[in-house]
Amino acid sequence: MSVISHAVGTPLDRLDGPDKVKGAAVYAAEHPVDRPAYLYPLQATIAVGRVIALDTAAAGAEPDVLAVLTHRNAPRLASAHDAELAVLQSDEVAYRGQIIGGVIAETPETARHAAHLVRVTYAERAHDVALRPDRDDLYKPLNAAFFCRGGGELMDGSPADSAVGDVDAALAAAEVRLDATYTTPINHHNPMEPHTAVALWSDDELTVYCSTQGVTLSRDLLATVFGLDPRRVRVVCPHVGGAFGSKVYCHSYAVLAAMAAQIVHRPVKFALTRRQMFSLVGYRPATVQRIRLGADPGGRLTAIAHDVVVQTAKAKGYAEQVAVCTRCMYAAPHRRTTHRLAPLDLPVPTIMRAPGQAQGMFALESAMDEMAIACGLDPVEFRIRNEPGVDPETGRPFSSRHLVDCLRDGARRFGWDRRGPVSRARREGAWLVGTGVSASTHPSPRFAGNTTTIRAGPDGRHTVLIAAADLGTGTWTALTQIAADALGVTVDEVELRIGDTALPPASPAGGSAGIDSWGTSVVETAGRLRALIDSHHGGVVPPQGLEVTSDMPDNPDAAHYAMHSFGAQFAEVRVHADTGEVRVPRLLGVFDAGRVINPKTARSQLLGGMTMGLSMALHEQGVVDPRFGHVVNGDLAEYHIASHADVGSVEAYWVEAEDPHTNPMGSKGIGEVGIVGTAAAIANAVHHATGIRVRDLPITLDKLL
Ligand code: MOS
C-alpha cells in the first residue's frame, strides 16, 4: 500500500472505449436471454379522452403473436401514484402517444405488424396544448420529484418563488430599465441508444436490463409500481448509449415490458423507435420568461425580476426550475423570481441536460446583453461589475466562484478586445459578422444514497463496487482514477464494477452530481480499507483478502456554502445578409468546475454541452400541432440538431481551481454547465452581427430577414 499514484488529473483514455469500439460492450437490449419475446406498443392517436372499444381479434389471430395487452387484461399495479408509470390501469388517455396497449410476439416484425391490426375507438374530449402565459389556471410548481435520492426518495426542489426587497419600486426608480420576454420551445433528448428494456420474471423476482442513468432509482420505482420488495427487483445496465436526462427516471415503456413478461411468462424485449421516443421518454418543456432589469447609470443592477411560465403535463406535474439560476448570478438589492406551471394535454416532460438552467440562462444572459448595451457598457465588463461577493439568495459564501476569471481568460483567448461596440458594423462579403458572450452556471450538488464496497486482494488488486452509471460521460474512467489515488495504487490495479443493483446502491447520473456523490463514497470506503489494513494487518493484505463497505458521508460544508460550477462562453457568428442563415465559426468556453479529474473526458463533457447549446440556439424545436396535440416533427429527419456544417471550432478550457468545500476530490459538476449560456452567447452574437434581437429560440433564418 505504499504506492503513491497520481491518476487524478491525467487524460486517461476511456477504459470502456475499446469494448465500445469493438462492439463488445453489451447494451440493455442486447442482453442475451432465453427465448425472448418482442413487444411493440399501441399508442393513443387522440390527445384526450377514453378508449371505448378495442378490436384485437385480427392481431391476436396472427401467427406467432403471443398476447395483446390492453387496459382490459393488464395486471393491476400495486401503485398508480406516479401517473406516468400507471400503465394500462384505466381507459383514460391523457396525451397523444400514451401507451394504450402492446403486442407481444415471437419476432419484433410480427409484433409491429400485428400492432397495426388493432382497431381502437375513442371518445374524444377537447384538448389544450398551447402554451399561453395569460392562462387563468396557472399554478405554482409543487417542486417535488425534481431530483432524487438513491433510495428513490424524492428530493424537494427549490421554492417556486423568491423575493428580496421591493422590485417594483426599484424598477420604477431605475435610470436604465429593461422589460423583455423570451421564449424557449420543447426540446427532445435524442441519445444515440434508444430507450430499451428486457424484462424477465422468475417466481416473484423481476430482472430488467434497462437503459438507465440510475439502476438503483429504476429498481426502486419499479418495485413500488409492482408492489415488490426492492430486494426482489434487479436492474442491470453497465453501458448506456447517451441519455441527457431522459434515462434518469423510469418511464412507462419499462413498466409495459415488465407487464408483458408477466403475461407471456417469458423474457420480453422492448426497444423504442426514434418516433416513439418523442412521446414516451420526456422532453425539455417550453417556457415563456419575462425579465425585468433596472440599473444605475454606472451599470450596477438595482433590480432583477425573472417571471417564468413553463408548461407541464396534466398527467403529471413535473416542475422545471427555470429561474433558479437567476437567484445566484448577480448582485442586485431587489430581486424576484416566480414560477408558474401551465398544465397541458401533452406528454410528460422530464429533466434534460441543465434542466431549467438551459432555458433560464438563455433569457437572463440575453437580457444582460441588452442591458449592457442600454448602459453603454461592454458586456464582459457589465457582468464583472455585477459580480456578487456572496450568494445573493442565501447570503452564504460560494465554495468557489471563478466566473470573473473565466470571463477574463475567455476574453483573452477569444480576442474579445478586437470587438467594436456597434452592431451590424462588420461585413465580409455577403456575411454579417458579430461576437457575443454569456455566463454559465449550474449547481454542484451531492446526492444521498451511495454505498461502496471495496475488496482488496493479496496481489494488490482491488475491486470497487458501486451501482453508478456511465452514460457516455467517462464515469468509468474518472471514478477508477479517483479509486486508484484513494487506494494508493495504479489504475491497472483497480477494477470498477457499476450499473447493476446487485452492487451497493448509488444515486443516478444526474444533476451533475455523479462524480461528487460516487467519488466521495469511493474515497471514504478506500480510506477505511487502508486504515483497516494498517491498523489490523500491519499494512499487508492477508492471503484471504479484505472487504470493506461504507456509506457515503454527508458534506458538513453543504449547509455553509453555495456550490455551483461556472463558465463564460464566447461565440462568433456569421449571418448571411440575404438568406438569414447562421453559421458559428467559433465557440469558446472557459469553465470553473473545480479540480478536473480527467482532462480528456472533462473536455468532451464541456464540448458536448456546448454543441448541444449550439443546437438549442439554432435548430431544436418540438413543434406541437394544436389540432392533434402531437409533436409533428417527431423524428430525426425533421427535428433538426446541429451538425459539423454549423460550426467551425469548439474550444473548451477551464481555470485550474480546486474547490476546498465540495468533496474530497475538490471537483465540481461538469456534465451540464457546458450547455448553459451557449444559446445566449450565440443570440447575443447574432444581435451584434445584425442588430436584430431574437428572443425566441431557435434562431431560425426567418427571424433574421
Ligand atoms: Mo441530467 S438532465 O440531470 O441527466
Residue match in the range 619-627 (condition: crowded, with 23+ Cβ neighbours inside 10 Å and under 24 Å from Leu479 (Cα atoms)): no
Tally of residues being within 17 Å of Gly514 (Cα to Cα) and of a type in the set (Lys, Arg) across the range 209-262: 1
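Taking the conditions exactly as written (more than 29 Å from Gln98 (Cβ to Cβ) and away from the ligand (no atom under 15 Å from the Cβ)), does Thr273 satisfy them or not?
Values: more than 29 Å from Gln98 (Cβ to Cβ): no; away from the ligand (no atom under 15 Å from the Cβ): yes.
Considered against the rule, which asks whether it is more than 29 Å from Gln98 (Cβ to Cβ) and away from the ligand (no atom under 15 Å from the Cβ), Thr273 comes out as no.
Give the residue, chosen from Pro392, Pro379, that is more than 17 Å from Gly567 (Cα to Cα), crowded, with 20+ Cβ neighbours inside 10 Å and of a type outside the set (D, E, K, R). Before the answer, list the steps.
Working: Pro379 fails: more than 17 Å from Gly567 (Cα to Cα).
None of the others qualify; the one that does is Pro392.
Yes or no, residue by residue, for (1) closer than 25 Å to Gly580 by Cβ; (2) without any contact (Cβ under 8 Å) to a residue 12 or more places away in the chain; (3) in contact with a strand residue (DSSP E or B) (Cβ under 6 Å, 6 or more places away or on another chain); (4) among the charged types (D, E, K, R):
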{"residue": "Glu393", "(1), (2), (3), (4)": "no, no, no, yes"}
{"residue": "Pro397", "(1), (2), (3), (4)": "no, no, no, no"}
{"residue": "His402", "(1), (2), (3), (4)": "no, no, yes, no"}
{"residue": "Asp409", "(1), (2), (3), (4)": "no, no, yes, yes"}
{"residue": "Phe414", "(1), (2), (3), (4)": "yes, no, yes, no"}
{"residue": "Arg427", "(1), (2), (3), (4)": "yes, no, no, yes"}
{"residue": "Ala430", "(1), (2), (3), (4)": "yes, no, yes, no"}
{"residue": "Val433", "(1), (2), (3), (4)": "yes, no, yes, no"}
Verdict on Gly671 being small (Gly, Ala, Ser), surrounded by 17 or more Cβ atoms within 10 Å (Cβ to Cβ) and either over 24 Å from the mean Cα position of the chain (by Cα) or part of a loop (DSSP other than H, G, I, E, B) (or both): yes
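Scan the range 205-222 for residues that are away from the ligand (no atom under 16 Å from the Cβ) and closer than 20 Å to Ile498 by Cα and report the count. First the steps, then the outcome.
First pass over the range 205-222, keeping only residues away from the ligand (no atom under 16 Å from the Cβ): 205-209, 219-220, 222.
Cutting the leftovers down to closer than 20 Å to Ile498 by Cα gives us 206-209, 219-220, 222.
Going through the range 205-222 one residue at a time, the tally reaches 7.
Working only within the range 329-341, note down all residues that are touching a strand residue (DSSP E or B) at 6+ places or on another chain (Cβ under 6 Å) and either surrounded by 22 or more Cβ atoms within 10 Å (Cβ to Cβ) or within 14 Å of Leu293 (Cα to Cα) (or both).
Restricting attention to the range 329-341, the residues satisfying the condition of being touching a strand residue (DSSP E or B) at 6+ places or on another chain (Cβ under 6 Å) are 330, 332, 334-341.
Tyr330, Ala332, His334, Arg335, Arg336, Thr337, His339, Leu341, listed by residue number.
Can you find even one residue in the range 30-45 that is hydrophobic (A, V, I, L, M, F, W, C) and over 30 Å from Gly499 (Cβ atoms)? I'd like the intermediate steps shown before the answer.
Pass one, the range 30-45, residues hydrophobic (A, V, I, L, M, F, W, C): 33, 37, 39, 42, 44.
When the remaining residues are screened for being over 30 Å from Gly499 (Cβ atoms), the result is 42, 44.
Among the residues of the range 30-45, at least one is hydrophobic (A, V, I, L, M, F, W, C) and over 30 Å from Gly499 (Cβ atoms), which makes the answer yes.
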Pair list, Cβ < 9 Å and 6+ apart or interchain, from the range 226-255 residues that are at pLDDT 95 or above to residues that are among the basic types (Lys, Arg) and within 16 Å of the ligand (Cβ to nearest atom): Cys237/Lys247; Val240/Lys247; Phe244/Arg353; Gly245/Arg284; Gly245/Arg353
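Looking at Met368, Met361, which is the one that is closer than 24 Å to Ala683 by Cα and away from the ligand (no atom under 16 Å from the Cβ)? Lay out the reasoning, then the answer.
Details: Met361 fails: away from the ligand (no atom under 16 Å from the Cβ).
Exactly one residue qualifies, and that residue is Met368.
The values are calculated or read from the model by the stated rules, or taken from the named source; none is laboratory data. Remember, predicted model here, so these are calculated numbers, not experimental data. FYI the Cβ positions are ideal-geometry reconstructions off the backbone, even for glycines, and counts take in every protein chain you see.
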